[in-house]
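Trainee: Please read through the structure below; I'll follow up with questions.
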Amino acid sequence: MKAYAKINVFLKVVGTRGGYHEIASRFVLRRELFDEISFERASGFALECGAAQIADNIILKAKAALEQAGFARELAEFFSSHKIVLKKHIPIGAGLGGGSSDAAFMMRLLNEKYELQMTDEDITYRLSRLGADCPFFYQPTPTFATGIGDQLMPIDFDLGGYVLLLVKPDVHVSTREAYAMVRPKPSSVSLLQALSRPVETWRETVKNDFEYSVFQQYPEIAAIKQTLYDMGAVYASMSGSGSSVFGLFTRSQIEAEEVFHDCFVYETRLRFHPI
């Protein structure tokens, strides 16, 4: 099973509610970049994920959320003879939603496989408690997300024809620390209206609120964004809480590997309605 990555076209933290941050964001799924999740026979439960962190892995938090929801017996029967094998391809600490995607896809699979009969609303609620982008991965359509990431509004909007260049330096940004540093502030403009305008105008109207504090702590990430603009990007932004930065271009950037020689670099031409 593939758990896909995402980028945030923009990300605004507008307030807090019940201990959670309220956001406004436009999510875009990237199917070319994904983790692989499988269940294999074993003598007992385990999470096998190579070099990825295990202790606080969000997959384990998703499993615990299902157990607390009253499905401990069903899951215990399965996991007494199976282990989860996670092959990470989405960079960790990149703001690409790799962990959130892993959790959402696993919860969907268990709900279907064991007929737990959780509704979409049930799953969306439980996923929203794990991370602001988790609900999106459960219903990955072009989405404008608000609330704590649990209010998803389909949006007829695409970036078809642009070339997406994604760059991740060898820097890991902790999502928890990034949220601790950000200062919530309501938007002074209609974000939906701003998105409806030409992409070339976004540089002045939409942004990622995490950039201010993350760029101060990691100036090399800020430098990547500036370099993307110097290369001719019509719009560039950090994705999620970082550390990856993407640029939208009108043509392929064949020199990108050389320019960002010490970074993870990924380029793709976006199709219309990329989901």
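Laboratory data are not the source of any read-out in this text; all were calculated from the coordinates shown. All values reported here derive from a predicted model rather than from experimental measurement. Cβ atoms come from the backbone with ideal geometry, glycine included; neighbour counts cover every protein chain shown.
Trainee: Could you check how many percent of all C-alpha pairs in the chain are farther apart than 33 Å?
Mentor: Tail of P(r) above 33 Å: 20 percent of Cα pairs.
Trainee: When the Cα centres of the stretch 167-223 and the stretch 4-53 are compared, how far apart do they sit, in Å?
Mentor: 18
Trainee: Thinking of the stretch 220-275 as a set of Cα atoms, what percent of all their pairs are more than 12 Å apart?
Mentor: 68
Trainee: Another question, if that's okay. Going through the cross-link list Lys185/Lys225; Lys2/Lys225; Lys6/Lys87; Lys61/Lys185; Lys63/Lys225; Lys12/Lys83, which pairs have a Cα-Cα distance over 26 Å in this structure?
Mentor: Checking Cα-Cα distances, Lys2/Lys225; Lys61/Lys185; Lys63/Lys225; Lys12/Lys83 exceed 26 Å.
Trainee: Could you point to the residue in Ala132, Ser237, Gln217 farthest towards the positive end of the chain's charge dipole, with +1 and -1 charges on the Cβ of Lys/Arg and Asp/Glu respectively?
Mentor: Ala132
Trainee: Still on this structure: Do any trypsin sites (Lys or Arg not before Pro) in the stretch 190-261 lie in a DSSP loop with no more than 11 other beta carbon atoms within 10 Å, and if so, which?
Mentor: Sparse-neighbourhood loop trypsin sites (Lys or Arg not before Pro): Arg251.
Trainee: What is the stretch 51-152 by shape, rounded, prolate or oblate, if you read a ≥ b ≥ c off the alpha carbon gyration tensor as root eigenvalues and call it rounded for a/c under 1.5, prolate for a/b larger than b/c, and oblate otherwise?
Mentor: Here the stretch 51-152 falls in the oblate category.
Trainee: As an exercise, use a Förster radius of 35 Å and the Cβ-Cβ distance of Leu192 and Lys2 to find the FRET efficiency, rounded to the nearest 0.05.
Mentor: That pair, Leu192 with Lys2, gives E of 0.70.
Trainee: Non-local amide H neighbours of Arg30 (under 5 Å, H modeled in plane, Pro and chain starts lacking H): which ones?
Mentor: Sorted by chain and number, the residues that satisfy this are Ala5, Lys6, Ile7.
Trainee: What are the membrane-span-like helices in the chain by this rule: whole DSSP H runs, Cα extent along the axis at least 18 Å, mean Kyte-Doolittle hydropathy at least -0.5?
Mentor: Flagged H segments are 98-113.
Trainee: Ok, one more. In whole Å, what three semi-axes, largest first, describe the equivalent ellipsoid of the stretch 91-247 built from its Cα gyration tensor (square root of 5 times each eigenvalue)?
Mentor: 28, 19, 15
Trainee: Sum -39500 (n - 2.57) across every DSSP H segment of at least 4 residues in the chain, then divide by the residue count to get the 222 nm mean residue ellipticity, nearest 500.
Mentor: One gets -8500 deg cm²/dmol as the mean residue ellipticity at 222 nm.
Trainee: Classify the stretch 1-70 as rounded, prolate or oblate from the Cα gyration tensor: take a ≥ b ≥ c as the square roots of its eigenvalues, call it rounded if a/c is under 1.5, otherwise prolate when a/b beats b/c and oblate if not.
Mentor: Cα axes put the stretch 1-70 in the oblate bin.
Trainee: Run the numbers for Thr205 and Arg183: contour at 0.36 nm per residue of separation, minus the present Cα-Cα distance, in nm.
Mentor: 6.1 nm
Trainee: Another one. Remind me, relative contact order of the stretch 79-224 in percent, using alpha carbon pairs under 8 angstrom and six or more residues apart?
Mentor: Once normalised by length, the contact order is 17 percent.
Trainee: From Cα pairs below 8 angstrom and at least 6 apart in sequence, can you work out the relative contact order of the chain, rounded to a whole percent?
Mentor: With pairs under 8 Å counted, the relative contact order is 24 percent.
Trainee: Rounded to the nearest 5, what % of the DSSP beta bridges within the stretch 137-275 are antiparallel ones?
Mentor: The answer is about 100 percent antiparallel.
Trainee: Something else: Out of all DSSP beta bridges with both ends in the chain, state the antiparallel percent to the nearest 5.
Mentor: Here the share of antiparallel DSSP bridges comes out near 95 percent.
Trainee: While we're here: Between Glu257 and Ala64, 0.36 nm times their residue separation minus their Cα-Cα distance comes to what?
Mentor: Full-extension gain reported as 65.4 nm.
Trainee: While we're here: Rounded to the nearest 20 Debye, what is the dipole magnitude of the chain about its Cα centre when Lys and Arg each give +1 and Asp and Glu each give -1 at the C-beta?
Mentor: Using only the charged Cβ atoms, the result is roughly 340 debye.
Trainee: How would the stretch 171-265 be classified by its alpha-carbon gyration tensor: rounded, prolate or oblate, with rounded meaning a/c under 1.5 and the a/b versus b/c comparison settling the rest?
Mentor: oblate
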